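One structure is given here, and the rest of the page talks about it.
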Amino acid sequence: MTRPIELERGNDMTRILVADDASFMRQMIREIVEAEGFEVCGEASDGIEAVELFKELHPDICTMDIVMPRRSGIDAVRAVVELDPGARIVMCSALGQEALVTEAMQAGAKDFIVKPFKPDSVISTLKRVIEKEE
């Protein structure tokens, strides 16, 4: 049975790692999720940094851009899932990246959101992934 998501201020906040090579995209996701009571516990600008921060921070959920320098989001998903098979990763893709989204889902991502972000869609996707996995 799934329990309701706790989005309270304090120690029970859902912790999110945001991985995107564009700082303005990280900021946009941060603003969307913090307005809903989530905590952004870390930000990564490439796939290598995303995997390292995931190991260090153990976030509840991670948003991961597909196309990033040094290590793609898809390769980063594979590495994170190897570390934690239960990792909850939501891919961020631009329109027209359907093949990459499919590959990311096969690598272990739980869902995806499409850029440009619609705040309601971002939040509903994150909540759905969290609820599904609890």
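The values are calculated or read from the model by the stated rules, or taken from the named source; none is laboratory data. Please read these numbers as outputs of a predicted model, since none were measured by experiment. Cβ: placed from backbone, ideal geometry, glycine included. Neighbour counts: every protein chain shown.
Has region 40-63 got at least one residue that is closer than 19 Å to Thr102 by Cβ, surrounded by 21 or more Cβ atoms within 10 Å (Cβ to Cβ), among the aliphatic types (A, V, I, L, M) and touching a Leu at 6+ places or on another chain (Cβ under 8 Å)? No, region 40-63 contains no residue that is closer than 19 Å to Thr102 by Cβ, surrounded by 21 or more Cβ atoms within 10 Å (Cβ to Cβ), among the aliphatic types (A, V, I, L, M) and touching a Leu at 6+ places or on another chain (Cβ under 8 Å). Taken over region 76-95, the residue count meeting the criterion of being within 22 Å of Pro116 (Cα to Cα), buried (at least 19 other Cβ atoms within 10 Å of the Cβ) and free of Cβ contacts under 8 Å to residues at least 40 places away in the same chain is 5. Taking the criterion of being of a type in the set (Ser, Thr, Tyr) and closer than 18 Å to Leu17 by Cα, the only residue of region 88-120 that qualifies is Ser93. Please determine whether any residue of region 68-78 is within 20 Å of Lys132 (Cβ to Cβ), under 14 Å from the mean Cα position of the chain (by Cα), basic (Lys, Arg) and modelled with pLDDT of 95 or more. Scanning region 68-78, I find no residue that is within 20 Å of Lys132 (Cβ to Cβ), under 14 Å from the mean Cα position of the chain (by Cα), basic (Lys, Arg) and modelled with pLDDT of 95 or more, so the answer is no.
Somewhere in region 65-73, is a residue surrounded by 19 or more Cβ atoms within 10 Å (Cβ to Cβ) and either touching a Lys or Arg at 6+ places or on another chain (Cβ under 7 Å) or among the hydroxyl-bearing types (Ser, Thr, Tyr) (or both)? The answer is yes, given that some residue of region 65-73 is surrounded by 19 or more Cβ atoms within 10 Å (Cβ to Cβ) and either touching a Lys or Arg at 6+ places or on another chain (Cβ under 7 Å) or among the hydroxyl-bearing types (Ser, Thr, Tyr) (or both). Name the residue that is surrounded by the most Cβ atoms within 10 Å (Cβ to Cβ), counting only residues in region 11-39 that are more than 13 Å from Val122 (Cβ to Cβ) and among the hydrophobic types (A, V, I, L, M, F, W, C). Looking at residues that are more than 13 Å from Val122 (Cβ to Cβ) and among the hydrophobic types (A, V, I, L, M, F, W, C), I get Ala19.
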